[in-house]
């Protein structure tokens, strides 16, 4: 049962835009701005309250006051809060109904629904795998990915592109190594879950470099298997607005070189620029302008946009040898899955939202919605006995409140994890066992198609 101290309320806010259902609302401002909004609400006949939103200190984030929110009403049911929301909107204000149990107050008493899957490499006779499905650019649900491989169990995995305006939906928004093949570049410096098929795992931080060479000439690559010019979660080189990781942000770069394998999809992205197609022996088969098209079996390609198109066409002539290199620093194994922030290091809580791009400059509302408030979470790592631990926590309901990032670190530590990171959460959080989804995904439409999943194979 829900904590009787919690209630439904109306939060006066500017909702987040775009198609991402996890986009947090713009809900916080200065005290002066909040007081001004509260005065306008009173003039319209409402009884608002202004609340200072505080958050705990983490390993690389000072915490304290994030700003002030404005709320109206305390209601025992969502239906009653929705009625008040309609009145608020009719008076010309924007807002949404929220449950106060999602705020992250330390006084809350739940409920929480936590599911834990533990794989002991000393006793395990199956295998672990990361799987993105038939190709990178399409999304599948965790249960579909599990069924396709006959998995005993599975959880959703890393962050991925959701909005077509941010790239190819399903493309990992960070590093991706599958069966030992590096197919997606890192958000440089962010943590990842690294594991072998025999269930030995660690958490590490990765950087990526790639080059294209012909003869004595070598040029730098910008990415792998993604739409050129669009860098989800940032962390590249020479991109705008930042080279640093910035979560749920799409950085841009009009001048890029991006390498592709046939794993990307039926066709490479189409658009202005040039594309050199290389056969299995490393010879340039063709240079197509504009770029985009299918890749023959065993072939790879390099796409160039903007000023780098001339650079590629000068480098890659049909019949010439073209060498494509791609290197990942940090621990490397059969599988590397992107995530963030780090939650536990060496058995101690060590949440790093600032380093990993979850603190947005001049936008405390983003941190409030994504990190400070409770959401569904998927957590992965390894415990002190060397066992892989996969955790899902349901949220966005009154039957399970979800976790803040600070609470995620505390739960991971309490469950004995030595090293742990946060994986994709929100509506993506899913756990499958014996062919059935055993948690309650939070999207109204049910289980969300995702970019990849971690599978426990028999």
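A few notes on this one:
- Helix 78-90 and the longest principal axis of the C-alpha atoms of the chain enclose an angle of approximately 90°.
- As a size descriptor, the averaged projected area of the C-alpha convex hull of the stretch 323-458 was calculated at 11.2 nm².
- Extending 7 Å from Cα along the Cβ direction at residue 116 and again at residue 436 yields two label points whose distance is 2.3 nm.
- Measure of compaction for the stretch 208-327 (Cα Rg per 2.2 N^0.38 Å): 1.00
- Segment residue 4-residue 62, extension gain: residue separation times 0.36 nm, minus the distance between their alpha carbons: 17.8 nm
- The stretch between residue 87 and residue 50, if pulled fully straight at 0.36 nm per residue, gains 11.4 nm over its current Cα-Cα span.
- Evaluating kT/(6 pi eta Rh) at 37 °C and 0.692 mPa s, with the Kirkwood radius of the stretch 305-393 over Cα pairs in the Stokes-Einstein relation, gives 186 µm² s⁻¹.
- Between 0 and 90 degrees, the angle of helix 31-43 with respect to the longest Cα principal axis of the chain falls at about 50 degrees.
- Pairs of Cα atoms in the stretch 8-102 fall into 10 Å distance bins, from 0 up to the last occupied one, in shares of 16, 44, 32, 7, 0 percent.
- In range of the label at residue 320: residues from the stretch 270-304 whose backbone nitrogen is under 16 Å from the point 7 Å along Cα→Cβ: 274-279, 282-289, 301-304
- Folded to 0 to 90 degrees: helix 405-414 orientation relative to the chain principal axis, Cα: 80 degrees
- Average Cα contact separation per residue, the chain, under 8 Å, 6 or more apart, as relative contact order %: 22 percent
- From least to most packed, judged by other beta carbons within 10 angstrom and beginning with the fewest, 140, 47, 342 follow the order 47, 140, 342.
- From most to least packed by mean Cβ count within 10 Å, the peptides 445-451, 72-78, 146-152 give 445-451, 146-152, 72-78.
- Here the sum of -39500 (n - 2.57) over DSSP H runs of 4 or more residues, divided by the residues of the chain, equals -3500 deg cm²/dmol at 222 nm, to the nearest 500.
- At full extension, residue 297 and residue 414 could sit 37.3 nm farther apart than now, given 0.36 nm per residue minus the alpha carbon distance.
- Pairwise FRET efficiency - residue 179 versus residue 252, Cβ, R0 = 35 Å, nearest 0.05: 0.65
- Binning all Cα-Cα separations of the chain at 10 Å, short to long from zero, yields these whole-percent fractions: 4, 20, 28, 23, 15, 7, 2, 0.
- By other beta-carbon atoms within 10 Å, ranking 177, 258 with the fewest at the front produces 177, 258.
- Using the Cβ-Cβ distance between residue 124 and residue 266 with R0 set to 30 Å, the FRET efficiency works out to roughly 0.25.
- Pair residue 207, residue 240: separation of 7 Å Cα→Cβ label points (nm): 2.5 nm
- Label point distance in nm, residue 283-residue 444, each placed 7 Å from Cα along Cα→Cβ: 5.8 nm
- In terms of surrounding Cβ atoms within a 10 Å radius of their Cβ, 118, 55, 440, 352 rank from fewest to most as 118, 440, 55, 352.
Computed from the coordinates by the stated procedures, all read-outs in this text should not be read as laboratory data. Small disclaimer: the values here were computed from a predicted structure and weren't measured. Note: ideal-geometry Cβ built from the backbone for every residue, glycine included; neighbour counts use all protein chains shown.
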